[in-house]
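Asker: Got a structure here, written out as structure tokens. Questions coming.
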Amino acid sequence: KECIRQICSTFIGISRQNEAGIIEDLDTEFLHDYRVGFRKVRSALSLFKGVLEPEDNTRINAEFSSIMKETNRLRDLDVYLLEKDYYFGLISEEMHQGLNSLFSLFEKERAEELERVRSILQSDAYKSRIEQLHDLFLDNGNMRDGPQADQPVYQFSSRLILKRYRKVCQIASTIDDSTPDETVHSLRIQCKKLRYLMEFFRPIYPHKTMKKTLKSLKILQDNLG
């Protein structure tokens, strides 16, 4: 339980460090990193089954999901605009005028979405909500224990990583030229979960071995798209 408390507390703090950059619109990476931090919190809650009391786990995960949904559209628009040149390269030049109109609408919508997100991040309601969630992870007594709460970290993490690795291998063994996109997407998700697990527990494993394994896993994820 102490492990998940420290992991979640750390990533909530990382996400919150990006709030000012989002509000000031310094770079789209601030929003990306804000969302990644919360995504890792949700992944930890989902992957560390049995560490927290299930009802608490489900409730807290839903809270972070709700917070992330507020920035979904802004992130989608950022991605579209960042990939603008790519989309123009997909069509002939005579069709660029229509695409210019579409991206003008995206830029207008992004400005409106940014103002909405700014308003949320600067609101007392948001600050109170996120601070209360953060406080949950600052003391072990703030959440009820699940049946796995007192498991030794090394044994618990090794079991989780091995289970996820076997899942990746199971799906990967079925991949061929006829594999549907849904299966490839499922493999991509399992690889991400495996990587998150390995990153969470990286300090307790040999540095060189973990670094090499994570590098190979990242290459596999890049190949999967």
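Asker: Can you work out the accessible area per residue across segment 144-225, with the rest of the protein chains kept in place, probe 1.4 Å, in square angstrom?
Answerer: Result: 69 Å² of accessible area for each residue.
Asker: Might you work out the accessible area of Thr209 for me, using a 1.4 Å probe with all protein chains in place, and round it to the nearest 10 Å²?
Answerer: The accessible area of Thr209 comes to roughly 80 Å².
Asker: Which longest uninterrupted range of the chain lacks any trypsin sites (Lys or Arg not before Pro) assigned by DSSP to a loop state (not H, G, I, E or B) and surrounded by at most 14 other Cβ atoms within 10 Å?
Answerer: On the way: sites that count: Lys49, Arg144.
Between exposed loop sites, the widest span is 50-143.
Asker: Considering the chain as a Gaussian network with a 10 Å cut-off on Cα pairs, which listed residue, Leu90, Leu138, Leu74, attains the greatest mean-square fluctuation?
Answerer: Leu90
Asker: Give me the dipole magnitude in Debye, nearest 20, for the chain about the Cα centre, with unit charges on the beta carbon: positive for Lys and Arg, negative for Asp and Glu.
Answerer: Details: 35 positive and 35 negative charges, 299 e Å.
Dipole size: approximately 1440 debye.
Asker: Report the residue, chosen from Gln155, Gln97, Gln122, that carries the largest GNM mean-square fluctuation when the chain is represented by alpha-carbon nodes joined by springs under 10 Å.
Answerer: Largest GNM mean-square fluctuation: Gln97.
Asker: Can you give me the accessible area per residue for segment 1-45, using a 1.4 Å probe, in Å²?
Answerer: Working: 1810 Å² over 45 residues.
Averaged over the residues of segment 1-45, the accessible area is 40 Å².
Asker: Please name whichever of Ser123, Ile161, Cys191 sits farthest to the positive end of the charge dipole of the chain, dipole taken about the Cα centre and charges placed at Cβ: Lys and Arg +1, Asp and Glu -1.
Answerer: Positive-most Cα among the choices belongs to Ile161.
Asker: Something else: Where only protein heavy atoms count, and the probe is 1.4 Å, what is the accessible area per residue for segment 89-136 in Å²? It would help to have the intermediate numbers written out before the result.
Answerer: Values: 3220 Å² over 48 residues.
I get 67 Å² per residue for segment 89-136.
Asker: Given a 1.4 angstrom probe, I'd like the percentage of the accessible area of the chain that is carbon and sulfur, rounded to a whole number. Intermediate results must be reported in sequence, preceding the final value.
Answerer: Values: 6810 of 13260 Å².
C and S atoms contribute 51 percent here.
The values are calculated or read from the model by the stated rules, or taken from the named source; none is laboratory data. Since we're looking at a predicted model, the values are computed, not measured. Positions of Cβ are backbone-derived with ideal geometry, glycine not excepted, and every protein chain shown enters the neighbour counts. Accessible surface is based on the protein model in full, side chains and every heavy atom, while ligands, DNA and RNA are left aside. Shrake-Rupley method; radii C 1.70, N 1.55, O 1.52, S 1.80 Å.
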